[in-house]
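Written out below as structure tokens is the structure these notes cover.
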Protein chains: 2
Amino acid sequence: MDKSGHSQHISQQYNEELEDVKRSLLEMGGRVEELLAEALAGIREGDSGIAEEVLKNDEPINQMESYIDEECARILARRQPAASDLRLVLAITRVSTDLERIGDEAGKIARQTIELSEAGRAPGGYTEIQHMGTSVRGMLHDALDAFARLDEELALTVARQDKQVDKYYGSAMRVVVSLMMEDPRGLSKMLNIMWALRSLERIGDHARNIAEHVIYLVKGKDVRHVGLKEMAKHVKK
Amino acid sequence: MDKSGHSQHISQQYNEELEDVKRSLLEMGGRVEELLAEALAGIREGDSGIAEEVLKNDEPINQMESYIDEECARILARRQPAASDLRLVLAITRVSTDLERIGDEAGKIARQTIELSEAGRAPGGYTEIQHMGTSVRGMLHDALDAFARLDEELALTVARQDKQVDKYYGSAMRVVVSLMMEDPRGLSKMLNIMWALRSLERIGDHARNIAEHVIYLVKGKDVRHVGLKEMAKHVKK
């Protein structure tokens, strides 16, 4: 396997089909990154206009997922790929599912923003959202980079970052709960903040999933249910 | 395609491989159903012992997912299935992912149970959990039945039930929030109830996903991002 992620074929057209679907996936990834950035700007500014845009822009992402899956099924049926080509096609369909879910979570953040723009600013939690938002944006970007460059070391870094994000999420939730207790009248606004934090935590999980698909692609090893230590062993092999 | 979900092949062994992986998936489904039933019994009784069992029993389910995915990749590589066989193999890997996620959500319910067993009974929300629990257990059972029998009508029913469950979830959340406001000292226990309800709502989504994979398998049509009306049209065709 060379750095294109698939073997070179006598059929030039087959090569192009694999390149095309890989390119579509990375384009979808770029769109999802933008959507997440917008969702975070929306909640930071309390701007329901941006949030409405996010909800509108989620639909083309769903269509991209369907297109990519159809292309992958077509390649499987017509080209009957083996070995690293087969892993590439399977990894692409899995990554597209995770990207679509990240788009959904960005939409959920937008919905919290719209509710908050009607109810008024929450008593707190914005710092925590921005902190987590920056982390998971970085993770998503690195996971997509790792996929584009077949960089299993970078994928491992993403999995490690997810552990940090989960830890930070735990402490952010404690802040949110104590704000709820201090000011029960601000409760439902703090619940909006809480759901947004939850969505960010889920986005971190999906970025980690993408990283795991990269390791599967490069190393041929399913690392979805192993710990970080064992994952690192497979990457170093 | 006959009712086994795949074409009959000259190679008896190939038929058996497809039957085997389908059987493994349904076995995994049965285990996940049991896990969900246990998780619901645990939170109803406030029994941390049952909850610990649920957490322990989630691990074999992860291993079943890995096994099923490996088998599917092996069949794709060696048998190069086409048409309905290809759809069957792709649907099986997707359903196994949803089942694994349902197992995760059952684990999350168990974690709420353990926290509640330490903090004491929550001020309310148990009726809502049981009501939603009964609905999503039914949906999961029907989705797996629809898969086993390639019954696209039953799959459509599951998708419709998900809409009801989402509606019920909305009203259950309003109950939870008003209980939080009435009794701020019970807040963190009500948050445990809230996360359990959220897990049940997610399980409903995964059951719906499984139903959508059944429609893809039988009708060859990706219905993941279409509304119920259009889904019904594809099923009746």
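The values are calculated or read from the model by the stated rules, or taken from the named source; none is laboratory data. The model shown is predicted, which means the values in this text are computed figures rather than measured ones. Every residue, glycine among them, receives a Cβ derived from its backbone with ideal geometry; neighbour counts consider all protein chains shown. Just the protein is used for accessible areas: all its heavy atoms, side chains included, with ligands, DNA and RNA removed. Shrake-Rupley method; radii C 1.70, N 1.55, O 1.52, S 1.80 Å.
Structure summary
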item	result
Chain B, relative contact order in percent, only Cα pairs under 8 angstrom and at least six apart counted	24 percent
Accessible solvent surface per residue of segment B:123-232, calculated while the other protein chains remain in place, 1.4 angstrom probe, Å²	38 Å²
Estimated inter-spin distance, A:Lys237 and B:Met181, nm [label 7 Å along Cα→Cβ]	5.6 nm
Dipole magnitude (debye, nearest 20) for segment B:12-236, charges at Cβ of Lys, Arg, Asp, Glu	940 debye
Rounded if a/c under 1.5, otherwise prolate or oblate - segment A:96-148, Cα gyration tensor axes	oblate
Inter-centroid distance (Cα atoms) of segment A:118-150 relative to segment B:60-86, Å	34 Å
222 nm mean residue ellipticity, helices alone, for the protein assembly as shown (DSSP H n ≥ 4; -39,500 (n - 2.57); rounded to 500)	-30500 deg cm²/dmol
Shortest-first distances to equivalent copies, position B:Asp47, nm, label 7 Å out along Cβ	5.4
Copy-to-copy label separations for B:Arg121, where each label sits 7 Å from Cα toward Cβ, in nm and ascending	4.3
Percent of Cα pairs exceeding the 34 Å cut-off, where the set is the protein assembly as shown	34 percent
Per-residue average of Cβ from other chains inside 10 Å of B:113-119	0
Inter-chain Cβ neighbour average for residues A:84-96, partner chain, 10 Å	2
Chain lengthening between B:Ala37 and B:Asp166 when straightened (0.36 nm per residue, less Cα-Cα)	44.5 nm
Cα-based Rg of segment A:66-204 normalised by 2.2 N^0.38 Å, two decimals	1.32
Cβ charges +1 (Lys, Arg) and -1 (Asp, Glu), total dipole of the protein assembly as shown, debye	20 debye
Rounded to whole Hz, the Karplus (6.51, -1.76, 1.60) HN-Hα couplings of segment B:133-140, x for glycine and proline	x, 4, 4, 6, 4, x, 4, 4
Cβ crowding within 10 Å averaged over residues, with B:34-44, B:95-105 ranked highest first	B:95-105, B:34-44
Residue-by-residue Karplus 3J(HN,Hα) for segment A:76-90, coefficients 6.51, -1.76, 1.60, Hz, glycine and proline x	4, 6, 8, 9, 6, x, 10, 6, 5, 5, 5, 4, 4, 5, 5
Inter-label distance, nm, simple model (7 Å from Cα along the C-beta direction), A:Ala119/A:Leu26	4.2 nm
Chain pair A, B: total accessible area buried, heavy atoms, 1.4 Å probe, Å²	3000 Å²
Stretch gain in nm, segment B:Arg149-B:Glu19, where the contour uses 0.36 nm per residue and the Cα spacing is subtracted	45.5 nm
Hull shadow area, averaged, chain B [alpha-carbon convex hull, nm²]	12.7 nm²
Calculated label separations, A:Asn62, copies of the chain, 7 Å along the beta-carbon direction, nm	3.2
Shielding by partners - mean other protein chain Cβ count within 10 Å, residues of A:154-165	0
